[in-house]
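Comments concern the structure below.
All of the numbers you see were taken from the coordinates with simple rules; none came from a lab. Bear in mind the structure is a predicted one, so any value in this text is a computation, not a measurement. FYI the Cβ positions are ideal-geometry reconstructions off the backbone, even for glycines, and counts take in every protein chain you see.
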Amino acid sequence: MQSSKLDFILLGCQKCATTWLHRCFRAHPEICVNEEDEIHYFDIHYTRGQDWFTSFFSEAQPNQKCGDTTSSTIRSDQALERIAKDYPDVRILLSIRNPIERAFSHYWHEKAKEKIHFQFEEIWSNYDLYDSFVGVGVYADRIKKLLTLFAKEQIQILLMDDLKSDPNSYLVKVFQHIGVDPGYQPKELDLIINRYSHGPKDKRIEGKSEYERGMAPDTRKRLQEIYRDPNQRLATLLGRDLSHWQ
């Protein structure tokens, strides 16, 4: 049974537990998402048409909520406008974290897969790199854009701080927003609890790597200056204390 509806969309951000959330959605019996977590309909493949997009939900059952989890969608104003036009009642999820840590984690995620070979500090001399790794972390601007397109009640902002401190409550909140059984506990929940209890390990990077040592102090200082005002605006929008992000 092919569904023409889209009940929810996880817009991003990359390296903010979006892959983990996708796996939780895949496990939930009341949710239908694509097998892979990136469809890229609204930002890349829009001209292929809605029939192409909805074919990814061809196995959806009548009681299931259909969702898209393309984590780069939040970066495109045009993609957000397309979503609002085609699915004005969709439920929105946006996962965020300390933008400095997100940028460095994103960089190392791509580098560990050997997709990139430049040094992180090259963001200061290449705008495309800067926009890809730093620009997306100005979350307040992205959220304000969302608020011009969707009702506040449709939007749920998720902080990785909350995932780390209480994974169960975090996932209950997500399922409640989507409108599915919030009591369902996928095995992925135990995996994330174990990860944050014992500390994350990236097996692709051996030894005391640059990732483990962290970014250069002067680079971190520059990023702190860049994000200071956006983080303050975000804290006001969310009503949260984000001072520890500095």
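Worth pointing out:
- In degrees, nearest ten, helix 167-178 long axis to first principal axis of the chain (Cα): 40 degrees
- Longest stretch of the chain clear of exposed loop sites (trypsin sites (Lys or Arg not before Pro), DSSP loop, at most 14 other Cβ atoms within 10 Å, sites excluded): 6-112.
- Tensor-based shape of segment 1-85 (alpha-carbon gyration tensor, a/c under 1.5 rounded, otherwise prolate or oblate): oblate
- HIS117/HIS40 FRET efficiency (R0 22 Å; Cβ-Cβ; nearest 0.05): 0.40
- To the nearest ten degrees, helix 187-198 and the longest principal axis of the Cα atoms of the chain are 10 degrees apart.
- On the beta carbon distance between TRP124 and ASP161, with R0 = 22 Å, the FRET formula returns roughly 0.20.
- Size of charge dipole - the chain - debye, nearest 20, with Cβ of Lys, Arg +1 and Asp, Glu -1, no other charges: 460 debye
- Straight-distance crosslink candidates among lysines, where the alpha carbon sits under 18 Å from LYS187 and sequence neighbours closer than 8 are dropped: LYS164, LYS173
- Hull volume in cubic angstrom per residue (convex hull over the Cα atoms of the chain): 135 Å³
- FRET efficiency for the pair ALA235 and LYS5, taken as 1/(1 + (r/R0)^6) with r the Cβ-Cβ distance and R0 = 41 Å, rounds to 0.75.
- Cross-link reach is defined here as a Cα-Cα straight distance under 13 Å, omitting same-chain residues fewer than 8 places apart; for LYS113 the aspartates and glutamates meeting it are ASP202.
- Bridging of LYS85 to lysines at a Cα separation below 22 Å is possible for LYS5, LYS65, LYS144, LYS145, LYS152, once same-chain residues fewer than 8 apart are set aside.
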